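Working notes, structure below.
The values are calculated or read from the model by the stated rules, or taken from the named source; none is laboratory data. Just so we're clear, the structure is a prediction, and the values are computed from it rather than from any experiment. So basically every Cβ, Gly included, is an ideal-geometry build from the backbone, and we count neighbours across all protein chains shown. The protein model used for the area step is the full one, side chains on, heavy atoms only, and it has no ligands, DNA or RNA in it. Shrake-Rupley method; radii C 1.70, N 1.55, O 1.52, S 1.80 Å.
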Amino acid sequence: MKKFIKKNYKIVIAFILGGIVFGGIGVYASTNLSSSEVSYDNSKSNSLSNNVQGSIEELYKKSSNCTTGSCSLTQSNFYVEYTYNQTSGASNYCVTGDEATCTRTDCYTSSAKTCPPGTIIDYIVSGTNTRVRFHVIQDKGKTITMQTQKNIINNIAWYAGDINSYGPTKVLPMLENATSSWSNVNTQTYTIGNSFLSGCSEYNSCTTNKYTLAQRTAKARLATVQELANVGCTRATGSCPKWVYNYLYSSTDFGGSVSDTTTDGGDGRYGYWTMNAYTGSSDFVWHIGRQGRLWYTISPTYPGIGARAVVEVSK
């Protein structure tokens with residue numbers, strides 16, 4: 001049935017509309033409602049929408065991910081995608097994905113296309129209903145690395161003590177546990193100290209290992225300093241793109257476009273951890289702060305920091 005719908009979605013849409021118009025013509029003719037105002041029972045369809053217009057658009061969206069004669073099972077998990085543009089006043093201004101000026105992109109559909117850093121992707125991380133919003137960190141051709149738009153967990157230490165040579169053994173397992181059910185994202189297998197260097201003396205200088213951890217296999221991880229520097233972050237306030245530090249406490253005070261709505265930042269929304277330790281000290285860790293920068297003068301046990309999930313998905 002699903003294959004039939006994906007290959008014949010225009011017929012299905014016409015059938016749905018026909019059923020609405022002719023099957024309930026008395027109601028339809030007398031109310032003159034738009035399709036976005038007509039409610040729809042989605043309890044049996046796995047649709048994320050509860051009105052006719054949204055359900056039709058969702059059906060079209062899932063079908064349009066299918067190429068002629070075939071359909072990628074991974075592409076069907078890409079729910080909606082927007083081109084990122086933080087230029088104020090631009091006709092396609094789009095930072096969070098909620099702006100009315102956001103424009104759609106199909107950069108995820110082929111390895112021949114590239115999703116620039118910041119691209120906004122609503123991705124169904126598990127089943128057919130669990131949707132999370134991400135921003136692209138890097139498009140590698142066949143896969144996309146992206147980070148959650150908001151902190152997944154908050155108020156968590158990087159390590160249980162004030163020393164950075166043991167690695168993020170407090171926050172990393174908790175992040176992995178929080179995302180373990182994300183069956184629609186790729187499983188990542190990596191070794192900290194081999195897949196990437198764990199020590200950074202500066203935002204653009206990660207040349208040694210401050211710590212090494214055994215190979216890890218998980219659905220998500222923390223971002224690295226190297227990745228965040230590659231999208232433009234430095235130690236300067238406001239240097240990061242807005243998507244990197246939006247949804248942190250009072251981030252709009254430092255150039256962000258939206259702040260966390262919590263009345264105080266003490267619950268762990270002042271920033272989020274990276275994978276990397278600072279090599280110039282035994283007790284500092286690199287993180288993204290609400291000031292929109294990569295910074296390192298913070299203890300591994302600092303309570304005001306959280307974590308965002310970095311995942312990999314296939315095109």
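Mind scanning K150/K242; K142/K219; K140/K170; K140/K219; K140/K242; K150/K219 and naming the pairs with a C-alpha gap bigger than 24 Å? Show your work: numbers first, answer last.
Details: K150/K242 12 Å; K142/K219 17 Å; K140/K170 30 Å; K140/K219 18 Å; K140/K242 22 Å; K150/K219 17 Å.
Distance filter (> 24 Å) returns K140/K170.
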(message) Compute, for region 133-233, the length of the dipole vector about the Cα centre, with Cβ point charges of +1 (Lys, Arg) and -1 (Asp, Glu) only. Units Debye, rounded to 20.
(response) 280 debye
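Quote the relative contact order of region 88-192 in percent (integer), defining contacts as alpha-carbon pairs under 8 Å separated by 6+ residues.
Numbers: 121 pairs, mean separation 18.5, N = 105.
This gives 18 percent for region 88-192.
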(message) 5 Å is the cut-off here: which amide hydrogens, built 1.01 Å from N in the peptide plane, fall below it relative to G127, excluding neighbours closer than 5 in sequence?
(response) S183, N184
(request) Go through region 144-151 residue by residue and turn each phi into a ³J(HN,Hα) via Karplus (6.51, -1.76, 1.60, θ = phi - 60°); whole Hz please, and just put x for glycine and proline. (result) 10, 9, 9, 10, 4, 5, 10, 4
(request) Order the following by accessible area, largest value first: M275, M174. Probe radius 1.4 Å; ligands, DNA and RNA are ignored. (result) M174, M275
(message) I'd like to know how region 256-315 sits against the 2.2 N^0.38 Å rule of thumb: what's its Cα Rg over that expected value?
(response) 1.26
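How many times 2.2 N^0.38 Å is the alpha carbon radius of gyration of region 168-315? Please list the in-between numbers first.
Values: Rg = 14.8 Å, N = 148, 2.2 N^0.38 = 14.7 Å.
The reported ratio for this selection is 1.01.
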(request) For region 96-113 and region 174-215, write down the distance between their C-alpha centroids in whole Å. (result) 28 Å
(request) Kindly provide the trypsin sites (Lys or Arg not before Pro) of region 117-204 that DSSP labels as loop, not H, G, I, E or B, and whose Cβ sees at most 14 other Cβ atoms within 10 Å. (result) K140, K142
(message) Charges on Cβ only, +1 for Lys and Arg, -1 for Asp and Glu, centred on the Cα centroid of region 166-315; of W182, A229, G271, which one is farthest towards the dipole's positive end?
(response) W182
(message) Suppose every Lys and Arg Cβ carries +1 and every Asp and Glu Cβ carries -1, with no other charges. What dipole size does region 180-269 come out with about its Cα centre, to the nearest 20 debye?
(response) 340 debye
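Would you work out the relative contact order for region 210-315, in percent, from Cα pairs under 8 angstrom that are 6 or more residues apart? Spell out each step's value before the answer.
On the way: 213 pairs, mean separation 32.8, N = 106.
Once normalised by length, the contact order is 31 percent.
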